[in-house]
RNA sequence: GCCGGCGUAGCUCAGGGGUAGAGCAACGCAUUCGUAAUGCGUGGGUCAGGGGUUCAAAUCCCUUCGCCGGCACCA
């Protein structure tokens, strides 16, 4: 007698040890049909698993997150089976579940071409129709290695070699195809259903190492039903519509050009947006007790040798020559800031010094990494270095976290994940120093009311760091802010201050940024808002559009009044129908349209229409200006 | 950097050995209009760059550059 406890707490006795499928059938025929796997005391197993003793179980269906993962995992296996049938010379390697789908990496002498993908997908649907049962088999390790070697699957054999010795190996058989896999799996290929689609073809290195051979990866997406699949595909289309590269062009913000890979040509509107963000940051930093500096672009090689960049980051640095000297274009501002710190003698009374620079940096990013504004070679950071004593780390960190969260809020981001990266295996500095630095960072984030996720061993070699990740409207994550504790650079570049005791001491440097690079952050803003920027950031905030020439004189008065109030205003006096003008300015995502015709000119009013809205609001000119001035001024928090 | 795809007018794209095309945009003329596209007309090209095959190349081949999707990288 086996007692099976169901999720609702009820207990069912079975005469003989039942399989998962039998339990599902005992509960009901609907569930039996939907059943994909069984959860036994919290662990997912094949539906065929026989439950030998009393247990708490749950039947896994496509509605579970786990069930969906099973579907995706099986989709990968079915794809591998399809590939083996169509292209028998191909070797299979690994095929995991990923967010929204799955992939499988294949090894073959010639890469797949896009038409192959269609054939593979069609074959997958056939395999689902065949409804092949999946059977788990447990093999001895040596036998498994021998088997995979014998059928020419050397990657699988290599995988088994990397598994712990003495462990039995599980294989799953479906039709003619047999694959190394931990499982669990669906009972048969028919359970996969047809809500999947192969998405893209890509190269990927074996075991993620660029020294290894490149495999052919096929990505796919898979869902519990057609409706979910369609929703996902629609979401991808929506994401494409908010692509900052497309919107940047459509809205006339910037362009990129072959003659300057990884560098941005900012057009007037884009530059206005950039400046608005920069001036906002400048105001916030001033309010938070920072001083702003500006340092050279080209610096002698000797500085970079001293800082350690020449040794570690040479390949990412652009260099130039002048009179037989090698100069490097700065990839970072920090060594320059230490130079300013070193001028004259600094007293402990002056610390902390918060030194900010909107410094233009260049990094020679690999060509394949470049991506619109998100990954560029020339960029400007909202960079600052806080020179302080060890004792000041907690309060400076707390103050920084507060400032950062306020800034994100003002830009419209409230969902922020904080990652805490602690000491890496290879590091500089004594363990006691690390203890102090890590504790200080952690305490300070707590004091600032922030939860952190541990990122073990991912700190910089010179100190622990915090990383601030924003989540945008459609759920994507962007790492923007950072705070790094650095004991090394002050040492290498010989920065000192005179302490209370009259002796020389090393300051600690906190490297910190909130937006990261302006280029990238503006890209994120564009995508977050799908181009519909909040009023205070919009490059053109208002347009005054006339209905007839008769209102032109008055329209000029209205535009002048708005400009006088500091609102970025354009005037549209063109001889076009008002429908045309409204459509054009709406497509351009201009937040405020003020329509004026004979009636408004007569009454000294405006008809205000907001982007996306249908209704118009008739306001007296003076009221409109006063109200819009207030709205367009932007966030007030922390303003200096 | 690596694998695959792509590069034709400002944008979106058709054309695939024999005179370079469309829509939108731009420009001109007419229209003076009440909340998401008025009509007619005009101009616009090193078919990414270089080399080759051919009587003839946007088209076929080689190569360089750039872009796109991944991978690796992201100090």
| task | Take the stretch A:628-640 and flag every residue that is modelled with pLDDT of 90 or more and surrounded by 14 or more Cβ atoms within 10 Å (Cβ to Cβ). | result | A:628, A:629, A:631, A:632
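In the stretch A:327-401, which strands (runs of 3 or more DSSP E) lie fully inside it and hold 1 or more residues that are touching a helix residue (DSSP H, G or I) at 6+ places or on another chain (Cβ under 6 Å) and within 15 Å of residue A:290 (Cβ to Cβ)? Spell out how you get there, then give the answer.
On the way: elements: A:353-357, A:360-362, A:378-388.
Answer list for the stretch A:327-401: A:353-357, A:378-388.
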| query | Is one or more of the residues making up the stretch A:164-184 within 15 Å of residue A:71 (Cβ to Cβ), touching a helix residue (DSSP H, G or I) at 6+ places or on another chain (Cβ under 6 Å) and not in a strand (DSSP E or B)? | reply | no
| Taking the stretch A:599-622, which residues are in a helix (DSSP H, G or I) and within 16 Å of RNA strand B (Cβ to nearest atom)? | A:599, A:600, A:601, A:602, A:603, A:621
| Among the residues of the stretch A:197-208, is any closer than 23 Å to residue A:156 by Cα, more than 16 Å from RNA strand B (Cβ to nearest atom) and either without any contact (Cβ under 8 Å) to a residue 12 or more places away in the chain or surrounded by 15 or more Cβ atoms within 10 Å (Cβ to Cβ) (or both)? | no
| task | Check residue A:590 against each of (1) near RNA strand B (Cβ under 9 Å from one of its atoms); (2) part of a loop (DSSP other than H, G, I, E, B); (3) surrounded by 19 or more Cβ atoms within 10 Å (Cβ to Cβ) and name the one condition it does not meet. | result | (1)
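Rundown of residues vs (1) at pLDDT below 90; (2) in contact with a helix residue (DSSP H, G or I) (Cβ under 9 Å, 6 or more places away or on another chain); (3) surrounded by 18 or more Cβ atoms within 10 Å (Cβ to Cβ), yes/no style:
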| site | (1), (2), (3) |
| --- | --- |
| A:405 | no, no, yes |
| A:408 | no, no, yes |
| A:412 | no, yes, no |
| A:419 | no, no, no |
| A:423 | yes, yes, yes |
| A:426 | yes, no, no |
| A:433 | yes, yes, no |
| A:440 | yes, yes, yes |
| A:443 | yes, yes, no |
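Is there a residue in the stretch A:298-317 that is under 30 Å from residue A:202 (Cβ atoms) and crowded, with 16+ Cβ neighbours inside 10 Å?
Filtering the stretch A:298-317 for residues under 30 Å from residue A:202 (Cβ atoms) gives A:312-317.
Retained after the next criterion (residues that are crowded, with 16+ Cβ neighbours inside 10 Å): A:313, A:317.
Yes.
If you check A:138, A:113, which single one turns out to be under 25 Å from residue A:18 (Cα atoms) and loosely packed, with under 13 Cβ neighbours inside 10 Å? Before the answer, list the steps.
Working: A:113 fails: under 25 Å from residue A:18 (Cα atoms).
It is A:138.
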| Taking the stretch A:170-185 only, how many residues are modelled with pLDDT of 90 or more and within 19 Å of residue A:44 (Cβ to Cβ)? | 9
| Single residue of the stretch A:101-112 satisfying the filter (in contact (Cβ under 8 Å) with a residue 60 or more places away in the chain and either part of a loop (DSSP other than H, G, I, E, B) or within 10 Å of RNA strand B (Cβ to nearest atom) (or both)) that is farthest from residue A:90 (Cα to Cα) | A:103
| Among the residues of the stretch A:532-564, how many are part of a strand (DSSP E or B) and more than 12 Å from RNA strand B (Cβ to nearest atom)? | 1
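Quick one: which helices (runs of 4 or more DSSP H) sit completely within the stretch A:215-302 and have at least 3 residues that are at pLDDT 95 or above, closer than 30 Å to residue A:388 by Cα and away from RNA strand B (no atom under 16 Å from the Cβ)? Let's see the steps before the verdict.
Values: elements: A:226-241, A:244-250, A:268-287.
Counting at least 3 such residues, we get A:268-287.
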| message | For the structure I just gave you, tell me whether residue A:46 is farther than 23 Å from residue A:182 by Cα, touching a residue at least 40 places away in the same chain (Cβ under 8 Å) and either outside the structural domain of residue A:228 (by TED's automatic domain parsing) or buried (at least 16 other Cβ atoms within 10 Å of the Cβ) (or both). | response | no
| task | Could you list, in sequence order, all residues of the stretch A:565-582 that are touching a residue at least 24 places away in the same chain (Cβ under 8 Å) and assigned to a helix (DSSP H, G or I)? | result | A:578, A:581, A:582
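The values are calculated or read from the model by the stated rules, or taken from the named source; none is laboratory data. Given the structure is predicted, the values throughout are model-derived calculations rather than measurements. As a convention, Cβ positions derive from the backbone with ideal geometry for all residues, glycine included, and neighbour counts pool all protein chains shown.
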